[in-house]
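The values are calculated or read from the model by the stated rules, or taken from the named source; none is laboratory data. What you see is a predicted model; the values in this text were computed from it and never measured. Here the Cβ positions follow ideal geometry from the backbone for every residue, glycine too, while neighbour counts run over all protein chains shown.
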Amino acid sequence: MIAIDRLKILIGVLQSSHYDRQLFWAWIGRHPTPTDWDKFQDKVKADWTLKAKILFLASITFSQAIPCALILNLKFLRRGEGIAIKWIAFRAKKRLQKIKFRMIVGITGSFGKTTTKEIITQILGEKFRVHETPENVNTLLGIAGWILRTKFQDGDILIVEMGAYRKGDITAAARFVKPTVGILTGLNEAHRERFGSLEQTAAAKCELIDALSPGRIALWNQDSLLLREAVEIRLADWEKREIQSIPYGRKDNESMGFLCEGAGESGLLVRIDRNQNKSSREADKNIPTFSRMLECRMPILGEHVCQEFAVAVMLGNLLGMSREEIAKGCQSVRPLPRRLAPILAPGDRLIIDDSYNITLDGVGAALEVLASINRRKIGVFAGIPEGGKESDRINEELGRKIASAFEIILLGNTPVAEAVLRGLKEGGFNETHIIRYTDGKEVESIVARVAHDNDCIYFSAYDWPAIYL
């Protein structure tokens, strides 16, 4: 393979690591020779952004030291990039200041950000013009560029997902957007490798609320134990700044006339009380219960999604939406791709595509759904990356969790696979029912061979980006 092709592979790896030099060098340490890189030609594809093109042109002459050239050029590029980001953000901020938004919502967390954003958008969109950041646009540069390309009007609602790759990222995004409502979706050990500790991860996510102006609203998911602990530490400071801190969750929502429950393969059942701002217990007893409640059935798996509906209903109430408008908005919500998405396949097989799920919390939610499905189950897993020093413990726990849920498990040959295997053995899983695989193409052939009619086939994050492999 020629040097140009290898340079393209390494640019793809660098992008997969979010241009993190430490992760990139760790990958080079595991794959030190050019022939090692060649194996990733079909697995890694560079996204030819302007940044990638500049790196390619600046590094193309260094055929014998491509990794060093890439990192050196990245260092110089970042100096100019910082100036460019400030200029783009300045222009976008000027544009934002000209629009009188009805509400600006900032969303962050270790999990559930995109699902929360999509459900809020679809429900509020029943009455208002809602603009949401596209998938994977969650950095200051990405948000600013999207704002410059989007047409807004006075009275619109703006929903911005915010990601963090290092300390201060969310602070910068929040100060730029200036949300009127900040939402913390949850906290877990995802991205521990980026931040070093759970405390640092919590601090990074809570930057959103720390950056809110006095009198603004903070909504946070009380079902997340780790987030609840992080909020309790900061609550007194938020109250001093007159931040309205409001918890939400999947349960105890009668006070706002909202009930939600899972119904197995049938999806979610949401009930909205017709009596605005009254619970079903407080409503007029002369009206039969069935006539008071507006029922919505949606093909969405997992009772944990009720918490996303709860926060959307809260926002609908704040914006003065009627019960009928909220119920109609709920009815329009559809499953998100790769997030517990049910797919009916030939042979009456139920495929659950959860391939975006890469956290223990997400797997736990999936297992709740699977427990309500009366079919033989096949699970496809690769393990959980970015666990840092806790990686072995996290993946052993994953193995123990899934051991009793599946009849057959396909396990990828990833760096954490041995830890998952130890957990499976501790959980009493039959080792003869474990099938190892190398890539996504091999998964397809194995599933075709072992699956029966009427099976349920669950796909977790089974095909990792090259940076993790």
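Of the residues Gly320, Gly364, Gly329, the single one that is small (Gly, Ala, Ser) and either touching a residue at least 40 places away in the same chain (Cβ under 8 Å) or in contact with a Gly (Cβ under 9 Å, 6 or more places away or on another chain) (or both) is Gly329. Elements of the type helices (runs of 4 or more DSSP H) sitting completely within the range 185-253 and holding at least 1 residues that are of a type in the set (A, V, I, L, M) and touching a Lys or Arg at 6+ places or on another chain (Cβ under 9 Å): these cover 198-210, 225-240. With a requirement of 1 or more residues that are within 25 Å of Val137 (Cα to Cα) and not aromatic (Phe, Trp, Tyr), the helices (runs of 4 or more DSSP H) lying completely within the range 1-74 that satisfy it span 3-16, 21-30, 50-59. When residues in the range 156-179 are screened for being at pLDDT below 95 and on the phi > 0 side of the Ramachandran plot, 1 of them pass. Under the condition of being without any contact (Cβ under 8 Å) to a residue 24 or more places away in the chain and more than 16 Å from Tyr458 (Cα to Cα), the residues counted in the range 428-440 number 3. Residues that are surrounded by fewer than 16 Cβ atoms within 10 Å (Cβ to Cβ), of a type outside the set (D, E, K, R) and modelled with pLDDT under 85: does the range 91-107 have at least one? No, there is no match, as no residue in the range 91-107 is surrounded by fewer than 16 Cβ atoms within 10 Å (Cβ to Cβ), of a type outside the set (D, E, K, R) and modelled with pLDDT under 85. Here the range 347-369 is the region considered, the condition is being among the hydrophobic types (A, V, I, L, M, F, W, C) and out of contact with any strand residue (DSSP E or B) (no Cβ under 6 Å at 6 or more places or on another chain), and the residue that is surrounded by the fewest Cβ atoms within 10 Å (Cβ to Cβ) is Leu367. Counting only residues that are under 24 Å from Gly145 (Cα atoms) and more than 27 Å from the chain's Cα centre (by Cα), the range 1-60 holds 5 of them. Annotation: Lys151 fulfils all but one of (1) within 18 Å of the chain's Cα centre (by Cα); (2) not in a helix (DSSP H, G or I); the unmet one is (1).
Being closer than 20 Å to Pro337 by Cβ and in contact (Cβ under 8 Å) with a residue 60 or more places away in the chain is a condition met by no residue of the range 83-104. Total residues in the range 252-263 satisfying the condition of being surrounded by fewer than 17 Cβ atoms within 10 Å (Cβ to Cβ), more than 10 Å from Pro299 (Cα to Cα) and not acidic (Asp, Glu): the figure is 1. Take the conditions closer than 18 Å to Arg95 by Cβ and in contact with a strand residue (DSSP E or B) (Cβ under 9 Å, 6 or more places away or on another chain) and apply them to Val177. Does it pass? Yes; evaluated as a whole, the condition is true for this residue. Looking across the range 56-65 at every residue that is surrounded by 14 or more Cβ atoms within 10 Å (Cβ to Cβ) and at pLDDT below 75, the one that is farthest from Ala3 (Cα to Cα) is identified as Phe62. For Gly186, are the conditions met, namely being touching a residue at least 12 places away in the same chain (Cβ under 8 Å), crowded, with 23+ Cβ neighbours inside 10 Å and under 14 Å from the mean Cα position of the chain (by Cα)? Criteria met by Gly186.
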